[in-house]
Every structure is written in structure tokens, then in C-alpha cells.
Amino acid sequence: MHDNVYDVLSERGLIAQTTHEEEIRELLGKEKVTFYIGFDPTADSLHVGHFLQMVVMRHMQNYGHRPIALVGGGTGHVGDPSGRTDMRSMMTTETINHNCECFKEQLSKVVDFSDGKAIMVNNADWLLELNYVDFLRDIGSCFSVNKMLTAECFKQRLEKGLSFLEFNYMLMQSYDFLMLNRKYNCKLELGGDDQWSNILGGIDLCRRKDRQQVYGMTFTLLTNSEGKKMGKTAAGAVWLDPKRTSPYDFYQYWVNVQDDDVIKCLKLLTFVPMDEIREMEKWEGQKLNEAKRLLAYEVTKLVHGEEEAEKAKATAEAVFAKGGVSDDMPTTLIPDVVGMGVPDMLVKTGLLSSKGEARRLVQQNGLTINDAKYTDVNGVVTADMLTDEGIIIKKGKKTFHRVVVK
């Protein structure tokens, strides 16, 4: 076991950039540091991308450091342009507050909020009461527009149009760091690597206003071997809320990661010891499926608890190992399914997001219905497809789904 959490994060490949590498490592080694990560309430659930940040908070907490989970009840009114090609839609205050409440419950699964070991703070507490002219005089005077325009998050947007609303976002996030430093002696801001420019803004502001030296560190974004963001499926994002992504579908997502990604995911998203992971790095072919099952189990256990992880594992084994049907497999109720086009049925189950995608799946021989390859692109569901268990659909080699009529 390492003495310093910095070495743990580094060894697992979590760190992307640091503002002061040696100073941060020394700081984390010699004192208990209060640090923060911001979560904007753009939906009522966190997703897989946020999960990586939650794991980092847990690593830090395991070494005695104190996380502040900052929910953006204030910044959520504006929307972060980082990593976006378009402007976010505006949300009502009620929606923002509801989303913030949902976050606390999900964060609590991984981060310990008992006895002040971690705190949750809402930036609405200071941002919504600001006087615009006072803020401009006090904070706006510390920012150079020329410098802001060189930031990666703005550069991408300038071609398509960047609203003045979003241009303020960096000032607001920087002000958060200043307020957290003043209120809680927060010395370190962490975030995904797309937050680098915003973090630098906060560090600069703390130095200019209060002559305080604070630090920043960003994490590897969760991408696959082709450089695409992970946590997206044909049916949309992989959510942490079981009502949006069932524990079984969540488990299945991780079982189905590419061979090239499984070791990286074990390092970034689980607490499996590095010695075990190094052994798995030598594995190839079928053996890697064991590593995928471990990944799926560990991540599902963290997000949904041990009982749900066991259930998802048992269901997956029942469905795949025996080629049978399990009562726990994902099921959609479609009472009027007979006579419906097969592509329409596939879209209704959420297995595919459009009829075009469904037709392509059929054309590419990727669809099995009740153990028989299905090849009719324009086919409709017939009464004889309904077995005692319902209609058992298999997409590709691994994704099973059942349609029942009552």
C-alpha cells in the first residue's frame, strides 16, 4: 500500500494534468487536504463519466482527505461550454434543485458523508445573490478576455458561436474556488481534463484576490481505445440511477467492453489491487472475459450495492451460460405486439434508438428471435413468435431482451 494517495492515483493512470506536481504530491503526503469536485445538475442522475470522479473522491477519502461535492445550483443556470459543440438548454430552478437532491443520494453510495468526512455544498448559496455590477468590479477585473479566448473550451465554440451567458461560466467556476477556499480552506480543485481552463481561472483568482496558493489536478476522461467517450449506448447514456439504467443493463455494459479497454477500466473505476490487475494484463482471448465479469461486478457493486451486483451476475450467467431465460432478464411489456413491425418492436424495447438502426441490425445478421436468426427487414411480429416465456430477442452475441404481452 502506498503512503501517499497521489501515488495511487498516478499508478492507476487517473491523473491527466497537475498545476504543480511536486507541491501537490508533498501537500497530499503531509496534511489532510480539503478538495472539491463540481457536478452541474444537467439531469436528475449522474452517469458513468461522473462515476470516475466519485472513485477519485473515494481514493482521496481513504487517505484521510476531505471531499467537497459542489453541486451547481448556481452554475446550472448558465451551463458549462467545455466539451460542448452546442449551448445547453435552460432549466428551471425547480428542476435544478430536484437534480441536486438526486446527486446527493448517488454520491453517498461511493463517498462517505457521515460526521463531516465529506460535505455537499451548493454554489447557488453565493452565486444567486450576487450583484452584477459589484461582481464585475470585484471579479471581472481579474480576468483577461484575450487570455480567456485562448482556452480550449472557448476556442472550439468560437467557430459556431459562443453566447455571452456561457462566456461568464469561467468567472463563476473560478469564484466557486475562491469562496470554497475562504469558507472551508479548500486548497485543491479536481475535475475531468476538459475542466483544465476553468481550474486555472480559479487558481489565478485566489492568488490575485487573497494571495492564496491553491492547486488543480485533472483526471483522464473515460474513453475507449478509439478515443470515444465511454458510457454511451445506442439507447443513450449509461446512468447511475437504477430507474434510468437497470442494474442488469449497467452490469451488461461493463461485461461488453472491448478487450482493449477492460484493464484500463479496472484501474480507473475499481478498487481491485494493482497486483491483481497486473496479472490480468497478461491474459488474452477468452480469459479476458473473466476480467470483464470482475469489472462488471465491482462497478455494479459500487453503484448499486452487493445484492444487486449478485443478482445481475446470476441473471447474466443464467441467460448466457445456459442459453436459457431468466426471470430477471430485461423485459418490456408490449400488449399489442402481434402485427407490429419487427423494427418498431426493437425500438420500443430500447435496444435500438431508431428503425433505421434496427433494419441495419437485421441486414447484418445481428438479430436472433427465439433462438433463430431473423433476416426479414420488413417483417412483422406473428402470433407464433409468442412462446410461454414471451419473445426472446438476442442482439449480437450478448444482449438479451424479452418482450411479453401481459
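The values are calculated or read from the model by the stated rules, or taken from the named source; none is laboratory data. Only a predicted model underlies this, so the values are computations on that prediction, with no experimental measurement involved. Note that we place each Cβ from the backbone using ideal geometry, even for glycine, and neighbour counts take in every protein chain shown.
Please give the helices (runs of 4 or more DSSP H) falling wholly within the stretch 292-371 in which 2 or more residues are at pLDDT 85 or above, surrounded by fewer than 17 Cβ atoms within 10 Å (Cβ to Cβ) and under 24 Å from the mean Cα position of the chain (by Cα).
In the stretch 292-371, the matching helices (runs of 4 or more DSSP H) lie at 306-321.
Determine if the stretch 9-25 includes at least one residue that is surrounded by fewer than 19 Cβ atoms within 10 Å (Cβ to Cβ), out of contact with any helix residue (DSSP H, G or I) (no Cβ under 8 Å at 6 or more places or on another chain) and assigned to a loop (DSSP other than H, G, I, E, B).
Yes, the stretch 9-25 has at least one match.
Residue by residue through the stretch 130-154, note down the ones that are surrounded by 12 or more Cβ atoms within 10 Å (Cβ to Cβ), assigned to a helix (DSSP H, G or I) and at pLDDT below 90.
Within the stretch 130-154, Lys147, Met148, Leu149, Glu152, Cys153, Phe154 meet the criteria.
Taking the stretch 169-202 as the region of interest, how many residues are more than 25 Å from Arg25 (Cβ to Cβ) and surrounded by 16 or more Cβ atoms within 10 Å (Cβ to Cβ)?
6
Counting only residues that are in contact with a Lys or Arg (Cβ under 7 Å, 6 or more places away or on another chain) and over 23 Å from Leu361 (Cβ atoms), how many does the stretch 248-273 have?
The total comes to 3.
Name the single residue that is surrounded by the most Cβ atoms within 10 Å (Cβ to Cβ) among those in the stretch 29-53 being assigned to a helix (DSSP H, G or I) and in contact (Cβ under 8 Å) with a residue 60 or more places away in the chain.
Gln53
Please verify whether Gln252 is surrounded by fewer than 18 Cβ atoms within 10 Å (Cβ to Cβ), outside the structural domain of Ala43 (by TED's automatic domain parsing), at pLDDT below 95 and over 21 Å from Leu14 (Cα atoms), treating the condition exactly as stated.
The answer is no for Gln252.
Going residue by residue through the stretch 230-249, is there one that turns out to be basic (Lys, Arg), farther than 17 Å from His304 by Cβ and either surrounded by 19 or more Cβ atoms within 10 Å (Cβ to Cβ) or touching a residue at least 24 places away in the same chain (Cβ under 8 Å) (or both)?
no
In this structure, does Glu284 turn out to be modelled with pLDDT under 90 and farther than 25 Å from Gly38 by Cα?
So Glu284 fits the description; yes.
Can you name every residue in the stretch 122-157 that is over 15 Å from Gly201 (Cα atoms) and touching a helix residue (DSSP H, G or I) at 6+ places or on another chain (Cβ under 7 Å)?
Result: Asn122, Asn123, Trp126, Leu127.
With a cut-off of at least 3 residues that are in the same structural domain as Val71 (by TED's automatic domain parsing) and touching a Ser or Thr at 6+ places or on another chain (Cβ under 7 Å), name the helices (runs of 4 or more DSSP H) lying wholly within the stretch 161-230.
169-184, 196-210
Could you please give the count of residues in the stretch 204-229 that are buried (at least 20 other Cβ atoms within 10 Å of the Cβ) and not aromatic (Phe, Trp, Tyr)?
7
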